[in-house]
Amino acid sequence: MNYRHSYHAGNHADVFKHALLRQLLVLMQRKDTPLCCLDSHAGTAFYDLQGEAAGKTGEYVEGIGRLWTRDDLPLWLADYRDAVARHNPDGQLRWYPGSPQIMAELLREQDRMILSELHPEDADTLRQYFAPQPDIAVHQRDGYELPKAFLPVAEKRALWLLDPPFEKTDDLQRCVAAVQQAISRMRQTVIAIWYPIKDQRLLKDFYQGIADSGAPKALRVELNVRPADNQLGLNGSGMMLINPPWPIWEELEQVLLWLSQELAQSGGGSWRMDWLAGAP
Ligand SMILES: C[S@@+](CC[C@H](N)C(=O)[O-])C[C@H]1O[C@@H](n2cnc3c(N)ncnc32)[C@H](O)[C@@H]1O
């Protein structure tokens, strides 16, 4: 396990993932009924963008850095940027909230959250940080085990962020298997899978696997900030949304348009959004 998110926190993929995650939760909370959030590959609660790791890559500069002072953000992006800004009250961009914190600060009295993180240091930090919040449980275990361990949840409503590091070539396949397992245990589970857009051959199998998974609905949402043949690193990423709360199409379109234009590097960004299963 080599991956450390501190090198990548706040980059274009985090902006895309966290802005969408936040709104999925907000939309699910339109109903008063309780909700269980699951974050299977949680990372940690905060990242120091002035720290050594983030400083080495500087990735956040072309991510959250590009939204930081903008006053023309679409609603969902403004909401996300303001959430990050609340942790940096002096206006200097330093503390970046990870996915557990993004969800934690939205939890209502009736909601709870289950986190899993395999890295001992991050799991320990999470455990200490969330210790005062009894509605948040932290487990140091394999995130792919979450459906078997926790679904169905008593609340009957769940939002699961599935955000593995994709260090291994079978991670996309494992995501498909996890979706199948989650759906068979609790059909209405809302799942947001973040994935890198890299190997088209592996992605083709992933798309097919999701389409055939039995998921009632699957919306593929993708953002590229650089042309696909660029050799600089991660050019784009996707969020596969299983059973997304609805309607979100128009808001998502605005977000994707803005991000593909304003986060673009090396001559171009692009986006796409389509249904792989259950088009309305
Ligand atoms: C992409 S990062 C998570 C970022 C975080 N979800 C966020 O958005 O702020 C992936 C995390 O998964 C952890 N990890 C790797 N393999 C895991 C596994 N099998 N189960 C749970 N966590 C794992 C890594 O240590 C890393 O912190």
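The values are calculated or read from the model by the stated rules, or taken from the named source; none is laboratory data. No experiment lies behind these values; they were computed from the predicted model shown. All Cβ positions, glycine included, derive from the backbone under ideal geometry; neighbour counts span all protein chains shown. Side chains included, ligands, DNA and RNA excluded: accessible areas come from the protein's heavy atoms. Shrake-Rupley method; radii C 1.70, N 1.55, O 1.52, S 1.80 Å.
Whenever a residue of region 102-129 is touching a residue at least 12 places away in the same chain (Cβ under 8 Å), its partners that are in a helix (DSSP H, G or I) and open to solvent by 30 Å² or more (accessible area, probe 1.4 Å), lying with C-beta atoms within less than 7 angstrom and at least six residues away or across chains, give the pairs LEU106/VAL26; ILE114/PHE150. If I ask for residues that are within 16 Å of the ligand (Cβ to nearest atom) and open to solvent by 20 Å² or more (accessible area, probe 1.4 Å), which ones from region 54-80 would you list? Selection gives THR57, GLU59, TYR60. Within region 157-171, residues that are under 30 Å from THR33 (Cα atoms) sit with their Cβ atoms under 9 Å from residues that are of a type outside the set (Asp, Glu) and open to solvent by 60 Å² or more (accessible area, probe 1.4 Å), at 6+ positions apart or across chains, in these pairs: ARG157/LYS31; ARG157/THR33; ARG157/GLN188; ALA158/PRO152; ALA158/GLN188; PRO164/TYR3; PRO164/ARG174. Of GLY98, GLY43, all but one fail to be on the phi > 0 side of the Ramachandran plot, touching a residue at least 40 places away in the same chain (Cβ under 8 Å) and either surrounded by 21 or more Cβ atoms within 10 Å (Cβ to Cβ) or among the aliphatic types (A, V, I, L, M) (or both); the exception is GLY43.
Given the condition open to solvent by 30 Å² or more (accessible area, probe 1.4 Å), of a type in the set (Gly, Ala, Ser) and either touching a strand residue (DSSP E or B) at 6+ places or on another chain (Cβ under 8 Å) or outside any strand (DSSP E or B) (or both), answer yes or no: does some residue in region 188-207 qualify? Within region 188-207, not a single residue is open to solvent by 30 Å² or more (accessible area, probe 1.4 Å), of a type in the set (Gly, Ala, Ser) and either touching a strand residue (DSSP E or B) at 6+ places or on another chain (Cβ under 8 Å) or outside any strand (DSSP E or B) (or both).
With LEU252, LEU241, LEU232 as the choices, which residue is modelled with pLDDT under 95 and out of contact with any helix residue (DSSP H, G or I) (no Cβ under 7 Å at 6 or more places or on another chain)? Exactly one of LEU252, LEU241, LEU232 is modelled with pLDDT under 95 and out of contact with any helix residue (DSSP H, G or I) (no Cβ under 7 Å at 6 or more places or on another chain), namely LEU232.
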